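K.L.:
Before we start, here is the structure in question, set down as structure tokens.
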């Protein structure tokens, strides 16, 4: 029955609830009154931390059966937001089942236009049987309400303690932790729309799976050793610590996090573009995460990797891993380490294997000079060396005026994006307008 699962961990649930500082009010009404009240008031679902609708037909049927047998169907919990507005903390799955069963759509989140038909249990059959109808609508619904002034921290703790029927998974527990970073991750829909993680055949947002993955990638970016390609454990407690550490956007945190997320977005976009149409092959995060980490490393340090060739390499590598059985070859080892999850040992071994296979195929890489801009001393040296002559002086588009420090820009003779170093030998001064035309002729912008 429905109640068997719901109250298996009741003692632990009560213990957790007692540790919160939330004072609630208890009440009960008949199901008929409850539905009537629900039509007058508006229930809302906080999608920032509330999970998807996860109940299958078997659970829905068990709930309706419990109501018809006049069993208690558990306690509902609501938080008052304002007059006639209540946020569902516990009972979303049950409410959806009840309202869908009677064919009522109370708002955009709960219920459906069409009545839910559960074989021998249908609302139409119940309405046709006076005894069943009375039994159904006279079932007592017990609920508690907590006041609107309860803080988010306490609400989240209370919400987690309530989830014992179908326990929260790690992603749902993480999303229930309030704070600025949680809200940032929840609202960055531009990243979650990238094909490599949002394609229907890839990583779905069901039970916050995408959001959890983005949290992991952010944690890797924050504390990874990108020179040695070494990473720390990224388990659920590690992510919780990150959420707590960046709970408030102080000391430049907001700028730092948005910069990292733009980088994550760029890397995921590049991966998706390189394997376009085959994104589902890395829908297993055991493959996607190490591929992302090595791709991020390439993005930070190298240029000149052909995206089409890189995409072919990724697809070939993953397919060979999946086909491999036990053995000592790199592909079999990678597949074996996938089961290690996000422990430091497992992640580092997978990244190392992927990198090893990559370097066998891509032998010539252009290393980026991490110093992007020329210094004032370098510009002065170039000015003296070239006798104030614009680098584009022999080009038709140059104004032929002498350049000065205050009316010139430094140009990489061998373009920076193509591995050109930022040193005096590879630098020259030119007029800003000449600089733009020079890059335009090469099909590049100034930042390239």
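The values are calculated or read from the model by the stated rules, or taken from the named source; none is laboratory data. Computed from a predicted model, the values in this text were never measured in an experiment. Because the Cβ atoms are built from the backbone with ideal geometry, glycine has one as well, and the counts that use them run over all protein chains shown.
K.L.:
Kindly list the number of the only condition in (1) in a helix (DSSP H, G or I); (2) more than 20 Å from residue 219 (Cα to Cα); (3) at pLDDT below 75 that fails for residue 164.
P.N.:
Only one criterion in (1) in a helix (DSSP H, G or I); (2) more than 20 Å from residue 219 (Cα to Cα); (3) at pLDDT below 75 is unmet by residue 164, namely (1).
K.L.:
Give me the pairs, please: first residue somewhere in the range 430-444 and farther than 11 Å from residue 411 by Cβ and not assigned by TED's automatic domain parsing to the domain that holds residue 403, second residue anywhere and assigned to a helix (DSSP H, G or I) and modelled with pLDDT under 80, beta-carbon distance under 6 Å, and either six or more positions apart or on two chains.
P.N.:
none
K.L.:
A further question follows. At pLDDT 80 or above, in a strand (DSSP E or B) and assigned by TED's automatic domain parsing to the domain that holds residue 125: does that describe residue 73?
P.N.:
no
K.L.:
Return only the number of the condition from (1) under 27 Å from residue 227 (Cβ atoms); (2) touching a residue at least 40 places away in the same chain (Cβ under 8 Å) that residue 283 does not satisfy.
P.N.:
It fails just one condition, (1).
K.L.:
Something else: So for the range 114-124 (the condition being touching a strand residue (DSSP E or B) at 6+ places or on another chain (Cβ under 8 Å) and modelled with pLDDT under 80), does at least one residue qualify?
P.N.:
Among the residues of the range 114-124, not one is touching a strand residue (DSSP E or B) at 6+ places or on another chain (Cβ under 8 Å) and modelled with pLDDT under 80, which makes the answer no.
K.L.:
Residues 247, 303, 283, 232: which one is touching a strand residue (DSSP E or B) at 6+ places or on another chain (Cβ under 7 Å) and surrounded by 15 or more Cβ atoms within 10 Å (Cβ to Cβ)?
P.N.:
303
K.L.:
Something else about it: Restricting the first residue to the range 337-355 and requiring it to be assigned to a loop (DSSP other than H, G, I, E, B), which pairs with a second residue that is surrounded by 17 or more Cβ atoms within 10 Å (Cβ to Cβ) meet a Cβ separation below 6 Å and a spacing of at least six or different chains?
P.N.:
Within 6 Å, the pairs are 340/346; 342/234.
K.L.:
Restricting to the range 356-366, count the residues that are touching a helix residue (DSSP H, G or I) at 6+ places or on another chain (Cβ under 7 Å) and not in a helix (DSSP H, G or I).
P.N.:
1
K.L.:
Go through the range 258-278 and report how many residues are closer than 28 Å to residue 345 by Cβ, in a helix (DSSP H, G or I) and touching a residue at least 60 places away in the same chain (Cβ under 8 Å).
P.N.:
Going through the range 258-278 one residue at a time, the tally reaches 4.
K.L.:
Do we find that residue 355 is assigned by TED's automatic domain parsing to the domain that holds residue 304, within 33 Å of the chain's Cα centre (by Cα) and at pLDDT below 90 in this structure?
P.N.:
Answer is no for this residue.
K.L.:
Of the conditions (1) at pLDDT below 75; (2) assigned by TED's automatic domain parsing to the domain that holds residue 257, residue 190 clears all except one; give me its number.
P.N.:
Status for residue 190: all satisfied but (1).
K.L.:
Oh, and also: I'm trying to understand the selection: among the residues of the range 396-409, which are in contact with a strand residue (DSSP E or B) (Cβ under 9 Å, 6 or more places away or on another chain) and closer than 12 Å to residue 434 by Cβ?
P.N.:
Selection gives 398, 403, 408, 409.
K.L.:
With in a helix (DSSP H, G or I), at pLDDT 70 or above, surrounded by fewer than 17 Cβ atoms within 10 Å (Cβ to Cβ) and at negative phi as the only criterion, which of 172, 154 stands out?
P.N.:
154
K.L.:
Suppose we filter 106, 89 for residues that are at pLDDT below 55, in contact with a strand residue (DSSP E or B) (Cβ under 8 Å, 6 or more places away or on another chain), surrounded by 14 or more Cβ atoms within 10 Å (Cβ to Cβ) and closer than 24 Å to residue 205 by Cβ; which single one remains?
P.N.:
Every option except 106 fails the conditions.
K.L.:
Here are some residues: 292, 337. Which one is surrounded by 14 or more Cβ atoms within 10 Å (Cβ to Cβ) and farther than 21 Å from residue 276 by Cβ?
P.N.:
Unique residue meeting the criteria: 337.
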